[in-house]
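Undergrad: My questions all concern the structure below.
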Amino acid sequence: KIGTQLEHVMIDEFQDTNKLQYDIVKLLSKKSGNLFVVGDEDQSIYSWRGAEIRNILDFPKDFPGAKVYKLEQNYRSTTSILKAANNVIKNNSNRNEKNLWSEIKDDNSIEYYEAYNDRDEATQVARTINTLHRNGEKYSDMAVFVRGKSGTKQFLEEV
């Protein structure tokens, strides 16, 4: 008797659920109806492993009476970062309308660089770090975060 013992069900990163997981969520929450999900369709990146964007987009239809809260204020990023993000995500075809904003003002512009490959990207990162250092920034105040194949990580460590 799936879902008869659960009073509350909470799912995080709901945009990354697949069809089977969504069906299980429906079963688990069927009796109590107490279901809370958190997710952002603009952050769905796992379609290649079965994540189904329709799960989050169809949620209000599949759960009539569900309340949807848009968390549009960002407390970590600056206005220029969020302006760039809004300009990118507005082109997503399957999404709910939202406008990210922040009270953290800045005058910085975003630099766009399209790399030809991972080595070109790593070289550009190294150039940027060297320029910042020549302009007085300390290496200890810089960080590079990489999400990629281990070869890219190894190359960045070599540079």
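The values are calculated or read from the model by the stated rules, or taken from the named source; none is laboratory data. Treat the numbers as computed from the prediction; the structure is a model and nothing was measured. Don't worry about glycine lacking a Cβ; one is built from the backbone with ideal geometry, like all the others, and counts go over all protein chains shown. These accessible areas exclude ligands, DNA and RNA; they are computed on the full protein's heavy atoms, side chains included. Shrake-Rupley method; radii C 1.70, N 1.55, O 1.52, S 1.80 Å.
Undergrad: Tally Lys/Arg at +1 and Asp/Glu at -1 over every other residue whose Cβ is under 15 Å from the Cβ of Asp62; what's the total?
TA: Computed value for this residue: +2.
Undergrad: Also: Can you compute log10 of I(q)/I(0) for the chain with the Debye formula, treating each Cα as one identical point scatterer, at q = 0.13, 0.14 Å⁻¹?
TA: -0.85, -0.93
Undergrad: In terms of solvent-accessible area of protein heavy atoms at a 1.4 angstrom probe, what is the ranking of Asp58, Asp107, highest value first? Provide the component values of the computation, followed by the final result.
TA: Numbers: Asp58 35, Asp107 155 Å².
Final ranking, largest accessible area leading: Asp107, Asp58.
Undergrad: Please state, as a whole number in µm²/s, the translational diffusion coefficient that the Stokes-Einstein equation yields for the stretch 1-40 at 20 °C and 1.002 mPa s, with Rh defined as the Kirkwood radius across alpha carbon pairs.
TA: Numbers: Rh = 10.2 Å.
Roughly 209 µm²/s, to the nearest whole number.
Undergrad: Quick one: how many Å² of Arg49 are accessible to a 1.4 Å probe, rounded to 10?
TA: About 140 Å², rounded to the nearest 10.
Undergrad: Also: Please give the helix 118-134 orientation as an angle from the longest Cα principal axis of the chain, in degrees from 0 to 90, rounded to the nearest 10.
TA: 60
Undergrad: Right, next: Treat every Asp and Glu Cβ in the chain as -1 and every Lys and Arg Cβ as +1, leave all other atoms uncharged, and give the resulting dipole magnitude about the Cα centre to the nearest 20 debye. Numbers along the way, then the final one.
TA: Numbers: 23 positive and 25 negative charges, 117 e Å.
Value, rounded to 20: 560 debye.
Undergrad: Taking all protein chains as present, what is the carbon and sulfur share of the accessible area of the chain, in % to the nearest whole number, probe 1.4 Å? Please list the in-between numbers first.
TA: Details: 6370 of 12550 Å².
Of the solvent-accessible surface of the chain, carbon and sulfur hold 51 percent.
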